[in-house]
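Below: the structure, in structure tokens.
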Amino acid sequence: MEEPGVDPVVLRRTYAQFGPLNDLVAGWRRAWRRTLAPAAHAAAAEHGRVRLLDVGCGGGDLIRRLCAWAAQDGVELHATGVDPDPVALAYARSRSVPPNVRYRQARAEELPDGDRFDLIVSNHLLHHLPEPELTALACTCERLRAPSGTVLHGDIHRNALALPAFALASFPFRRSFVREDGFRSIRRAWRPHELAPLLPPGWRAERVGRFRIQVGVAPH
């Protein structure tokens, strides 16, 4: 997807399909209910304004869903999505962007020290990172999260069933780069015991179901 000369029509179709696919396999609705919503309500009660950062936001489907779920729960998120890819951000900005959402072409480590976020999330980012970059990302999240902030990175759990299961789940999305990207991502994915030594103190990497991992830290 990031190679030069990629068909822009197929690429746009791919970004459009990521949202439904994530609804199917990524488990963010459950993560919102169990982890992020309680943290958001606590932040709202503490200072009335809930700030969210989506690292590697891509086409913005996760931000849009989190803002919608938060609104249903009576919480207004002030969300920032950062991504170094201008094509992904162009797609995100072409969608309906709520007034409380902004996108920035940047990496998380480029954000200033004064920025603090109550919720920091990413989806399918960790498997793109080698060990030094993954550790650097975790340290950046530590720098950017508020004292009572929550970090939650969702990704794939690499195991023997992941490839055949994804082959079935992604069959309707075959007219895009979704399947090619997914198969490559599964092969690159981490397991919790591989991640644990790379994380700052207090962070946890755990398996959630058969095919997912969650990596992050709860409030201080």
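The values are calculated or read from the model by the stated rules, or taken from the named source; none is laboratory data. From a predicted model like this one, the values you see are computed outputs, not experimental measurements. Positions of Cβ are generated from backbone atoms using ideal geometry, with glycine treated the same way; all protein chains shown enter the neighbour counts. When the accessible area is computed, the model is the full protein with side chains, heavy atoms only, and any ligands, DNA or RNA have been set aside. Shrake-Rupley method; radii C 1.70, N 1.55, O 1.52, S 1.80 Å.
In percent, how large is the relative contact order of the range 79-220, given Cα pairs closer than 8 Å and 6 or more residues apart? Relative contact order here is 24 percent. Computed about its Cα centre, the charge dipole of the range 74-220 is approximately 660 debye, with only Lys, Arg, Asp and Glu carrying charge at their Cβ. Extension gain for the segment Arg116 to Arg187, taken as residue separation times 0.36 nm less the Cα-Cα distance, is 22.2 nm to one decimal. Where in the range 121-156 does the amide nitrogen come within less than 13 Å of the point 7 Å from the Cα of Asp85, taken along Cα to Cβ? The answer is 123-129.
Net charge dipole, the range 36-153: roughly 380 debye, given to the nearest 20, about the Cα centre with Cβ charges of +1 for Lys and Arg and -1 for Asp and Glu.
Label-to-label distance, Val9 versus Arg104, with points set 7 angstrom from Cα along the beta-carbon direction: 3.7 nm.
The figure for Trp203 is an accessible area of roughly 30 square angstrom, using a 1.4 Å probe on the protein chains alone.
Run the helix sum for the chain: -39,500 (n - 2.57) per DSSP H stretch of 4+ residues, divided by residue count, reported at 222 nm to the nearest 500 deg cm²/dmol.
Working: 9 runs with 91 residues, N = 220.
Using -39500 (n - 2.57) per qualifying helix, the result is -12000 deg cm²/dmol.
Extension gain for Arg29-Ala68 works out to 13.0 nm (0.36 nm per residue, less the C-alpha to C-alpha distance). The residues of the chain present an accessible area of 49 Å² per residue when probed at 1.4 Å with all protein chains retained. For the chain, the carbon plus sulfur part of the accessible surface works out to 53%, probe radius 1.4 Å.
The chain gives an Rg/Rh value of 0.94, both radii derived from C-alpha positions and Rh following Kirkwood.
Taken as entire DSSP H runs, the helices of the chain that both span 24 Å or more between Cα atoms along their own long axis and average 0.0 or more on the Kyte-Doolittle scale are 8-25.
Given a Förster radius of 25 Å and the C-beta distance between Ser148 and Arg207 as r, what FRET efficiency does 1/(1 + (r/R0)^6) yield to the nearest 0.05? Efficiency for this residue pair is about 0.45.
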